[in-house]
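As structure tokens, the structure follows; a few thoughts come after it.
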Amino acid sequence: MKNPLRSEAEAYRFLLGTIVYFGAIVLAAVVGGTWWGVGVFAVLTVVALFWFFQRDDLPPPPKTAPRQPSAEDETRILVIANETVGGVKLRELLRERSEGVREEVLVVTPALNSPLRTWTSDEDGARAAAQERLDASLSQLREAGINARGEVGDGDPLQAIEDALRTFGADEIVLSTHPEGRSNWLERGVVDGARNRFDVPITHVVVDLERESEEIR
Amino acid sequence: MEAHAHPHGEHPPTANVSSRVDARVLGMLLFIASEIMLFGSFFTAYFFIRVSGDDPWPLPPFHLPVFIAGVNTAILVTSSFTMHWALQSIKRGNRAGLQAGLVLTFFMGLTFLLTQVTEYARVGFAPHDGAFGTIFYCLTGLHGAHVFVGLTILLFVTIRAFRGHFSPEHHHGVEIGGIYWHFVDVMWIVVYSTVYIL
């Protein structure tokens, strides 16, 4: 829902709209009688509601750039992964990226939650589950010799990226998802959304956990 | 080469603050939602009284001072214009404009409130004179209470303006006060249109 009173200027425009709205209703009722007033009220209400829900005047989110440019022999990678955070393919990619440079990896695991739980701020369970996956992933990265730290992020992966970029100047973002057909993020267009929104190179890694577990067996 | 998460063992975890919704925007949204519900409950009672009974409105032999209230409405609407002018002035670095706008807004709001008090003294009926009197005083009184709160906010904002607390970059106090004042004005237009005219 868009709040029409986010600033004084918007509240002022809302006031002008209210004057026009009620002025027209009162004028119709006084000149034409009660039913004219009701008619104008109905028409204006429908028009106002249609305009309010159809308008799309919110500015697009700004592209967030890295705050601190890295040194030449240093690379900072932001990894966004949830269930695939422990995937072998993701780990291999990070190891590959870390060769010959001083790497700094920040792994952000979004705390996936249902909309109802999000709205009621019932996030403890989701955050605890995300933290567990993150801890396991970080220990695997440590075993692989990768300098990584991690944090649990917002349930919306794009918001989690934006939050992380405010404090972590990434040179590259690695987005890890399930394969197409099993990935909720791909279905929601998270990868394309991230490419449009952030001015940082983005690598998409598809991690097939089922195949990986079969290969291990 | 070291991997580490953020442990929470030694002290409480930091609060999770998402930047998805700005706290001030969310606060204003929740505040206005609560105000709409408050006014909505009074308007529900008002329309119930108007629709359920066959009695004319206002109940004879009483008359509502439509003209005086209309002038009062014009004063309150004008005070919103001066409030907007005040904020636009400080955004352009015009402190004199900010101060003049705020003083004018404050005195117009005060005029509105004093006129309403005078109207109460002369209207000829009391809150205990049936449902008609009760809902009239409740609706206009509730709005009057909001005007009083708005005037208090305006007073502090005006004092701060004369002390030079606001600049083109920092004028959040004027902005929030302005939103509240416009909201009060919008509610009065609804009250005046429905109670006095229709």
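Since every read-out is calculated from the coordinates, none of them should be taken as a lab result. Just so you know, these numbers come straight off a predicted model, no measurement behind them. Every residue, glycine as well, gets a Cβ built from its backbone with ideal geometry; the counts of neighbours run over all protein chains shown.
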*How crowded by other chains is A:130-141, given as the mean number of beta carbons from other chains within 10 Å of each beta carbon?*
2
*asked:* If R₀ is 30 angstrom, what is the calculated FRET efficiency for the pair A:ARG95 and A:GLU210, using the beta carbon separation as r and rounding to 0.05?
replied: 0.85
*asked:* Can you tell me how segment A:74-216 classifies by the Cα gyration tensor, rounded, prolate or oblate, using a/c under 1.5 as the rounded cut?
replied: rounded
*Using the scaling law 2.2 N^0.38 Å as the reference, what is the normalised Cα Rg of segment A:143-199?*
1.23
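For chain A, list the DSSP H helices whose alpha carbon atoms reach 24 Å or more along the long axis and whose average Kyte-Doolittle value is 0.0 or above?
In chain A, the long hydrophobic H runs are A:8-32, A:34-54.
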*Just counting partner chain Cβ atoms within 10 Å, what average do the residues of peptide A:9-22 show around their Cβ?*
6
*For the protein assembly as shown, the Rg and Dmax computed from alpha carbons only, in angstrom*: 29.3, 93
*Classify segment A:8-54: rounded, prolate or oblate, from the alpha-carbon gyration tensor (a ≥ b ≥ c, eigenvalue square roots; a/c under 1.5 rounded; otherwise prolate if a/b is larger than b/c)?*
oblate
*Which order do B:PHE81, A:PHE53 fall in if you start with the one that has the fewest other Cβ atoms within 10 Å?*
A:PHE53, B:PHE81
*For the Cα atoms of chain B, what angle does the longest principal axis make with the long axis of helix B:23-52, in degrees from 0 to 90, nearest 10?*
20
*What shape does chain B take by its C-alpha gyration tensor, where a ≥ b ≥ c are the square roots of the eigenvalues and a/c under 1.5 counts as rounded, a/b above b/c as prolate, and the rest as oblate?*
oblate
*Estimated FRET transfer efficiency when R0 is 51 angstrom, pair B:MET37-A:ARG166 (beta carbons, to 0.05)*: 0.90
_Cβ charges +1 (Lys, Arg) and -1 (Asp, Glu), total dipole of chain A, debye_ = 840
*Calculate how steeply helix B:130-162 sits against the longest principal axis of the alpha-carbon atoms of chain B, using the helix alpha-carbon long axis, and give the answer as 0 to 90 degrees to the nearest 10.*
40
*Does a label point 7 Å from the Cα of B:VAL51, set along Cα-to-beta-carbon, have any residues of segment B:107-140 with amide nitrogen under 19 Å, and which are they?*
B:131-132, B:135-136, B:139
*Any chance you could give the angle, 0 to 90 degrees and rounded to 10, that helix B:95-122 forms with the longest Cα principal axis of chain B?*
30
*If each of A:GLN159 and B:TYR120 carries a label point 7 Å out from its Cα toward its Cβ, how far apart are those two points in nm?*
4.4
_Using the Cα centre of the protein assembly as shown as origin and beta-carbon charges of +1 (Lys, Arg) and -1 (Asp, Glu), tell me which of B:GLY101, A:ALA48, B:VAL186 is placed farthest towards the positive end of the dipole._
B:GLY101
*Which listed residue (A:GLY193, A:LEU141, A:VAL85) has the Cα farthest towards the positive end of the charge dipole for chain A, taking +1 on Lys and Arg C-beta and -1 on Asp and Glu C-beta about the Cα centre?*
A:GLY193
*Once you put a point 7 Å from the Cα of B:THR44 and another 7 Å from the Cα of A:THR34, both along the Cβ direction, what distance in nm separates them?*
2.3
_Sequence of A:THR167, B:THR134 once ranked by neighbouring C-beta atoms within 10 Å, starting from the fewest_ = A:THR167, B:THR134
*Quick one: A:GLU92, A:GLU10, fewest Cβ neighbours within 10 Å first, how do they rank?*
A:GLU92, A:GLU10
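Mind giving me the FRET efficiency for B:LEU59 and A:SER114? R0 is 56 Å, r the Cβ-Cβ distance, nearest 0.05 is fine.
Values: r = 53 Å, r/R0 = 0.94.
Given R0 = 56 Å and the Cβ-Cβ separation, E is 0.60.
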*asked:* Give the average, rounded to an integer, of partner chain Cβ atoms located within 10 angstrom of each Cβ in B:178-189.
replied: 5
*Using the Cα centre as the reference, give the magnitude of the dipole from point charges on the C-beta atoms of segment B:23-197 (Lys, Arg: +1; Asp, Glu: -1; all else neutral), rounded to the nearest 20 debye.*
700
_With a cap of 11 neighbouring Cβ atoms within 10 Å, and only residues DSSP puts in a loop, list the GluC sites (Glu not before Pro) found in segment A:101-186._
A:GLU180
